[in-house]
1. Counting only residues that are more than 23 Å from the chain's Cα centre (by Cα) and assigned to a strand (DSSP E or B), how many does region 104-134 have?
2. Any idea which residue in region 162-183 is nearest to M83 (Cα to Cα), counting only those that are polar (S, T, N, Q) and crowded, with 19+ Cβ neighbours inside 10 Å?
3. Consider D139 carefully, then state whether it is in contact with an Asp or Glu (Cβ under 8 Å, 6 or more places away or on another chain), under 21 Å from G194 (Cβ atoms) and among the acidic types (D, E).
4. Only residues that are within 14 Å of N183 (Cβ to Cβ) and surrounded by 16 or more Cβ atoms within 10 Å (Cβ to Cβ): list them for region 151-161, please.
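The values are calculated or read from the model by the stated rules, or taken from the named source; none is laboratory data. Keep in mind the model is a prediction, meaning the values are calculated, not measured. Because the Cβ atoms are built from the backbone with ideal geometry, glycine has one as well, and the counts that use them run over all protein chains shown.
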Amino acid sequence: MQRPTGIAALYEAQSQQAFPFHRPNNECCPVIPPHLTAEQQELSMSYARSPFKALSQTIAAIGLFTMAGGAVALAGECPGGKMQADVRPAVDFKGVGVTDTTLGSIDLEKEPAKLKGRELRFRKLVIEPGGVVPWHSHDDRPALIYVAQGEIIEYASNCSEPIVHKAGDIRAEQHGTAHWWKNLKDTTVVLFVGDVRHDRDDHHM
């Protein structure tokens, strides 16, 4: 069988590091295929020693899994095939156990973009265990949410299943999105939110 060359050879090397099926018991270091050139072996070893080793191994694993016909699910998104407009009706749950603090804001009408009546805000939401962020729409208030701590469930109008968001996830909230959130865990959730508000009397979370 013809050996891979160039970038294909390096992918093979990284995939063997991610799946070290034949690593000897007394070998502490990554397995580097002997058919690589000296330059390729050195480059592969540098990847293994670098802070990006875990990332390179993850990419290799995803590549192999995808080539095998698998599907990769992304965290914090509606599961595949479950997106549908207005599939979830609005609910009238009240906000419970939520602290919403505006950390800063900018009047966008005074900026070069001159977006009349628009305010850019940066906020911090703390949701206690059992806390509920009530139903609200983002049709006229786009936002980005970053989950800084904990795990929280989103019930979106355009997803038939609950969406799990964990620390490190970012959720884009755009036109066509309405939803509510609940902390089902026994630990506090911390969210940081950047949004563009049109109506200053709109106090939805």
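1. 5
2. Step by step, filter region 162-183, then rank; the result is T177.
3. Working: in contact with an Asp or Glu (Cβ under 8 Å, 6 or more places away or on another chain): no; under 21 Å from G194 (Cβ atoms): yes; among the acidic types (D, E): yes.
Taking the combined requirement at face value, the residue does not satisfy it.
4. Going residue by residue through region 151-161, those that are within 14 Å of N183 (Cβ to Cβ) are 151-155.
Hits for region 151-161 are I152, E154, Y155.
Yes/no per residue for (1) at pLDDT 95 or above; (2) under 13 Å from L191 (Cα atoms); (3) in contact with a strand residue (DSSP E or B) (Cβ under 7 Å, 6 or more places away or on another chain); (4) crowded, with 17+ Cβ neighbours inside 10 Å:
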| position | (1), (2), (3), (4) |
| --- | --- |
| P79 | no, no, no, no |
| K82 | no, no, yes, no |
| G104 | yes, no, yes, no |
| K124 | yes, yes, yes, no |
| H138 | no, no, yes, yes |
| Q149 | yes, yes, yes, no |
